[in-house]
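Structure record follows, encoded as structure tokens.
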Amino acid sequence: MSFPARTALTWRAGLIGLLAALCAAGPAAAGGAEAALETVADVDLDRYMGRWHQIALLPNRFQAMCAADTTATYSRLPDGRVRVVNACRDDGGTLQRAEGVARLNDTYDDPARLEVRFAPAWLGFLPFVWGDYWILALEPDYSAVLVGAPDRDYLWVLARTPRIPRETYERLLDVARRQGFDVTALRLERPDAVSAPPDATH
């Protein structure tokens, strides 16, 4: 995942933007704006660690070079933060990687509302190099997750496997829809990323 001008320097030179760098303008202001996003309660970050495959996303220019095999891999760092490695293959089959770090957002102190940085560590003191990573829905067995940004311009469906059941996908989309995302604009990672219903005819 990725974000706009505030992190443009992060993704130059062909680095991909994936799950962990979301652009957030913060909760929408009152008066004509959408309600604040609701996040998942009681996220266990240790269970959340590991590799996630991109199932679908709202297209963004930071992942424009990604053609296949888009993943995000998370692991704990000794200081309690999270190492983030985003990867994908471009049109030529070359693997593109970007490494960053995630931390709890001090504003919320909520493991479902992280912030991620891909800019150099020495720029970490600058607020605008951090992007919000909000967990909006999570399967009980941690097999699939919905991640979005407060401005609703960014949304991802991720899973532990490259393909998920149709019912799981629809369940996550229903959460996104109810929270004000344009799910009609979602693009699947590949045509078979979501399995057909059991009774589907061919």
**Request:** Filter segment 20-49 down to the residues that are at pLDDT 60 or above and loosely packed, with under 12 Cβ neighbours inside 10 Å, then identify the one that is nearest to G100 (Cα to Cα).
**Result:** D46
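Scan L95, L57, L77 and give me the residue that is at pLDDT 90 or above and crowded, with 18+ Cβ neighbours inside 10 Å.
Details: L95 fails: crowded, with 18+ Cβ neighbours inside 10 Å; L77 fails: crowded, with 18+ Cβ neighbours inside 10 Å.
Within the list L95, L57, L77, the selection yields L57.
Quick check on segment 45-89: of everything there that is hydroxyl-bearing (S, T, Y) and assigned to a strand (DSSP E or B), which residue is farthest from the chain's Cα centre (by Cα)?
Let us first name the residues in segment 45-89 that are hydroxyl-bearing (S, T, Y), namely 48, 70-71, 73-75.
Pick out the ones that are also assigned to a strand (DSSP E or B) and you get 70-71, 73-75.
Working: T70: 11, T71: 10, T73: 11, Y74: 12, S75: 15 Å.
So the residue we want is S75.
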**Asked** Given F62, F128, F118, which one is modelled with pLDDT under 95, hydrophobic (A, V, I, L, M, F, W, C) and surrounded by fewer than 15 Cβ atoms within 10 Å (Cβ to Cβ)?
**Response** F128
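Determine if segment 53-68 includes at least one residue that is in contact with a Pro (Cβ under 7 Å, 6 or more places away or on another chain) and either in contact (Cβ under 8 Å) with a residue 24 or more places away in the chain or closer than 23 Å to S143 by Cα (or both). Talk me through it step by step, then tell me what you get.
Taking segment 53-68 as the starting set, the residues that turn out to be in contact with a Pro (Cβ under 7 Å, 6 or more places away or on another chain) are 53.
Checking which are either in contact (Cβ under 8 Å) with a residue 24 or more places away in the chain or closer than 23 Å to S143 by Cα (or both) leaves us with 53.
Within segment 53-68 (the criterion being in contact with a Pro (Cβ under 7 Å, 6 or more places away or on another chain) and either in contact (Cβ under 8 Å) with a residue 24 or more places away in the chain or closer than 23 Å to S143 by Cα (or both)), the answer is yes, since at least one residue qualifies.
Looking only at residues in segment 164-188 that are in contact with an Asp or Glu (Cβ under 7 Å, 6 or more places away or on another chain) and closer than 16 Å to A36 by Cα, which one is surrounded by the fewest Cβ atoms within 10 Å (Cβ to Cβ)?
Let us first name the residues in segment 164-188 that are in contact with an Asp or Glu (Cβ under 7 Å, 6 or more places away or on another chain), namely 168, 179-180.
Pick out the ones that are also closer than 16 Å to A36 by Cα and you get 179-180.
Working: Q179: 20, G180: 13.
Selected residue: G180.
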**Message:** Looking at L146 and the list (1) farther than 22 Å from P111 by Cα; (2) of a type in the set (A, V, I, L, M); (3) crowded, with 16+ Cβ neighbours inside 10 Å, which single condition is not satisfied?
**Reply:** (1)
**Message:** I want to confirm something. Restricting to segment 98-114 and keeping residues that are more than 18 Å from the chain's Cα centre (by Cα) and on the phi < 0 side of the Ramachandran plot, which single residue is modelled with the lowest pLDDT?
**Reply:** D106
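The values are calculated or read from the model by the stated rules, or taken from the named source; none is laboratory data. Since the model is a prediction, treat every value here as computed from it, not as a measurement. Heads up, the Cβs are rebuilt from the backbone with ideal geometry, glycines too, and the neighbour counts pull from every protein chain shown.
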